[in-house]
Amino acid sequence: MRTSFLSDDTICAVATPSGMGAIAVVRISGPQAHEIVCRLFYQHDKPFPKEKIEGYRSYYGHIVIPDSSKEPETLDEVLVTFFVAPHSFTGEDSVEISVHGSLYVQQRLMELLVEQGARMAMPGEYTRRAFVNRKFDLAQAEAVADLIASQSEAEHRLAMNQLKGGFSQELRDLRSRLVEITSLIELELDFSEEDVEFADRSRLKALLQTTQDHIHRLTESFRLGNAIKNGVPVAIVGATNTGKSTLLNALLQEERAIVSDIAGTTRDSIEEVMNINGTLFRFIDTAGIRETDETIEKIGIERTFRKINEADIVLGLIDMTEGFEAMTEAARLILEKTDPKQQILVFLLNKSDRCPELGAESIDRLKNTVCESQSESSKHIYIQTLSAKTGKGLDQLRHTLEEIQQGRSAHQDTTLVSNVRHFEALNHASASLDAVRRGLEEGIPTDLVAQDLREALYYLGTITGEITTDEVLGSVFSRFCVGK
Ligand SMILES: Nc1nc2c(ncn2[C@@H]2O[C@H](COP(=O)(O)OP(=O)(O)OP(=O)(O)O)[C@@H](O)[C@H]2O)c(=O)[nH]1
Ligand SMILES: [Mg+2]
């Protein structure tokens, strides 16, 4: 159930970013929106008559500062568009006024609207009203925020898919399957005194399995969905002095991290997001791995191991100048720390400017030695040479990163979960369904099993907002800016 939200008042906000632009747009929404604007909007020196409003048309005219004692003063020349309930973003009567970008004009217009009875909108209040008026569900409302925040093509596509309601439809399907399971079980409950297992247990189990598989696929997609939204995590790791910070700086084209020939320069990890051909990557420069007794460096190295775990792609830097034995050893060390099922490893044989002759031969030898020791396929391993200092090999690295990400996103026409709130709700639902399955297997009383099912339904319902609390709505909509 959607909790009711008072919207008998009319709200107003500047919808364009704060600061000065060529124009700014002020939005007004609520039952009084048309009336309030008509008192301030003049055409041919007369207030615009409310009866003449035609929705979805732009009217040219003036906003005036009313003054009963004298002729009203013009504040600005404007364009006004009226929207008529229920066919507006919020579902209410609403108006958009385009004014010149002056901060003074924007502020003065807001004051005039408040004087006439409107109230300043809170962050996300427009979208919240749209949700309450069933213009879309909560997952779609969240997609509006994602769309506004999107910085890359992949992120934009993700938000658009969610906004169009594909994910919401999947959740409805999941819910209706769960309702079917519940009714099968409840039927059994009604006949419990006769001690018969009424429901077709194999059908029940099959339904349960499909539902769980579906939820599992959605939770699995979170790793990729989250990477698209916040940048694919790429950890730059390796022994000290291999050139990790030099590489970060070269990728960012700025002196972000300190570079020096002193081993152990980087202590804490440094993260920077970068857009490479439409995909966001989050590069993480880490403390070099070595044996040390130094407390702070030790903490830094522990953090490096954590960052390796969290990464989708690991760039393992190896110093080419140190000879083949040392290189294989270094590669093995990095390989040990990665998970071939979840992560892709790119070995970068760095400082190639100092030993150009080693190029292709080193790659082959290292590949054979390192990959030989790998029992599984070495598909997740790339090896290439690099000079972080001169930039040779950087283009190839960017290309590799793109290729890896394209491979991972190949199934992007299916729904990707990218919102932590949704991910957590799906995990809860999945845990409840585990309890249902165990309950059925262990012959636990049907009414308890039904209780677990209702819990799963509840969690799925929280995603689209069929079930929600003020607290949840508050935290969802506070992420929005004022005017959205
Ligand atoms: N010749 C050459 N020197 C490089 C290259 N990359 C890095 N260096 C040098 O290697 C030294 C160490 O570089 P950093 O980028 O600080 O190495 P790091 O891996 O971040 O080191 P820590 O933070 O101490 O773990 C510096 O003197 C760099 O100038 C390269 O491609 N070629
Ligand atoms: Mg460093």
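The values are calculated or read from the model by the stated rules, or taken from the named source; none is laboratory data. It should be emphasised that the depicted structure is a prediction, and the values quoted were computed from it without experimental measurement. Positions of Cβ are backbone-derived with ideal geometry, glycine not excepted, and every protein chain shown enters the neighbour counts.
So Val259 ticks every box in (1) of a type in the set (A, V, I, L, M); (2) crowded, with 16+ Cβ neighbours inside 10 Å; (3) touching a residue at least 24 places away in the same chain (Cβ under 8 Å); (4) within 12 Å of ligand 2 (Cβ to nearest atom) but one. Which box is left unticked?
With respect to (1) of a type in the set (A, V, I, L, M); (2) crowded, with 16+ Cβ neighbours inside 10 Å; (3) touching a residue at least 24 places away in the same chain (Cβ under 8 Å); (4) within 12 Å of ligand 2 (Cβ to nearest atom), Val259 is out only on (3).
Does Leu171 qualify as being farther than 19 Å from Ala227 by Cα, in a helix (DSSP H, G or I) and of a type outside the set (D, E, K, R)?
Judged against the criteria, Leu171 is a match.
Only residues that are modelled with pLDDT of 95 or more and either assigned to a helix (DSSP H, G or I) or among the aromatic types (Phe, Trp, Tyr) (or both): list them for the range 115-128, please.
Correct list: Glu115 only.
For the subset of the range 271-292 comprising residues that are closer than 24 Å to Lys337 by Cα and of a type in the set (Gly, Ala, Ser), which member is surrounded by the most Cβ atoms within 10 Å (Cβ to Cβ)?
So, considering only residues that are closer than 24 Å to Lys337 by Cα and of a type in the set (Gly, Ala, Ser), the one surrounded by the most Cβ atoms within 10 Å (Cβ to Cβ) is Ala287.
Working only within the range 213-269, note down all residues that are part of a loop (DSSP other than H, G, I, E, B) and of a type in the set (Lys, Arg).
Arg256, Arg267
Collect the residues in the range 347-363 that are away from ligand 1 (no atom under 14 Å from the Cβ) and part of a strand (DSSP E or B), keeping them in residue-number order.
The one that is away from ligand 1 (no atom under 14 Å from the Cβ) and part of a strand (DSSP E or B): Phe347.
Does the range 306-321 hold any residues that are more than 30 Å from the chain's Cα centre (by Cα), surrounded by fewer than 24 Cβ atoms within 10 Å (Cβ to Cβ) and outside any strand (DSSP E or B), and which are they?
Thr321
Quick one: how many residues across the range 414-433 are within 16 Å of Leu178 (Cβ to Cβ) and touching a residue at least 12 places away in the same chain (Cβ under 8 Å)?
8
In this structure, is Leu460 closer than 17 Å to Asp137 by Cβ and either assigned to a helix (DSSP H, G or I) or in the same structural domain as Thr182 (by TED's automatic domain parsing) (or both)?
Considered against the rule, which asks whether it is closer than 17 Å to Asp137 by Cβ and either assigned to a helix (DSSP H, G or I) or in the same structural domain as Thr182 (by TED's automatic domain parsing) (or both), Leu460 comes out as yes.
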